[in-house]
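Working notes for the structure below.
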Amino acid sequence: MTAAQCRELMASRRGGKASPAAAAVPKKKARKKPSAHPGPPSTPPAPAIEPLLSMLSAPGRDWTLLMPYVEELLTSNQRLHHMAVHRIRQQLRKDAADLAIARRLPRLKRAAIFYVLHPRSTARKRDPGNWSPTAKHYVDGLVTDGGLLPDDNHEFLMGPIPIMGEPVTTGFARMSLVIVELVDSLTSGNGESVTGIGHPTYEN
């Protein structure tokens with residue numbers, strides 16, 4: 001006879017019922033179902049350049065980089081083991097440096113960098129600022145390893161500035177970097193202030 005059966009027998013002899021506490025059987029915690037995989041990677045629409053250029057007083061050439069697809073990006077509200085953070089950080093830096101070399105980005109004196117978040121399609125609102133750790137390591141890869149700028153301090157770099165982009169249709173979130181050269185305004189023959197504008201490219 002089990003302990004529970006013994007309590008029920010004693011309660012029936014007393015003419016009562018087993019107490020709820022005694023009769024209650026502890027419930028097993030339901031296992032949380034793993035979230036479904038979002039599917040294969042997709043290429044989001046290229047971010048609009050003109051609104052970004054309008055924020056700057058002296059924009060020059062610009063480049064748009066769709067960063068290589070990874071399933072893990074760093075955010076400010078994650079709780080990851082420090083070894084996992086190190087692994088992701090190293091991958092982000094390498095991806096940015098490799099892309100800078102492959103695209104043959106020139107060495108600039110000053111630049112503004114916007115990072116454009118392409119989140120997974122969801123009704124929940126997203127704050128692109130939460131992805132600043134990812135943007136920081138991309139910039140480190142561009143500047144330190146890729147040689148884009150002399151340094152990433154405020155004297156040479158404006159940003160990285162968060163921008164919300166179009167969501168991806170499938171796969172995990174992605175990020176684009178928009179690099180804009182900052183130059184001094186030039187004066188044309190008629191006295192009007194002009195700047196040089198490059199041609200953005202958008203490649204995976």
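The trypsin sites (Lys or Arg not before Pro) found in the range 116-176 that occupy coil by DSSP, while having at most 12 further C-beta atoms within 10 Å, are Arg124, Lys125. When both the range 143-157 and the range 37-74 are represented by their alpha-carbon centers, they are found 19 Å apart. Straight-line cross-link reach from Lys109 at under 12 Å between alpha-carbon atoms covers these aspartates and glutamates, not counting any fewer than eight positions away in the same chain: Asp151, Asp152, Glu155, Glu181, Asp184. In plain terms, the residue of Met67, Met158, Met1 with the fewest other Cβ atoms within 10 Å comes first and the most crowded comes last, giving Met1, Met158, Met67.
A short reminder: the numbers here are calculations on the coordinates, not readings from a lab. This one's a predicted model, so the numbers in the text were calculated from it and none came from an experiment. Neighbour counts run over all protein chains shown; Cβ positions are idealised from the backbone, glycine included.
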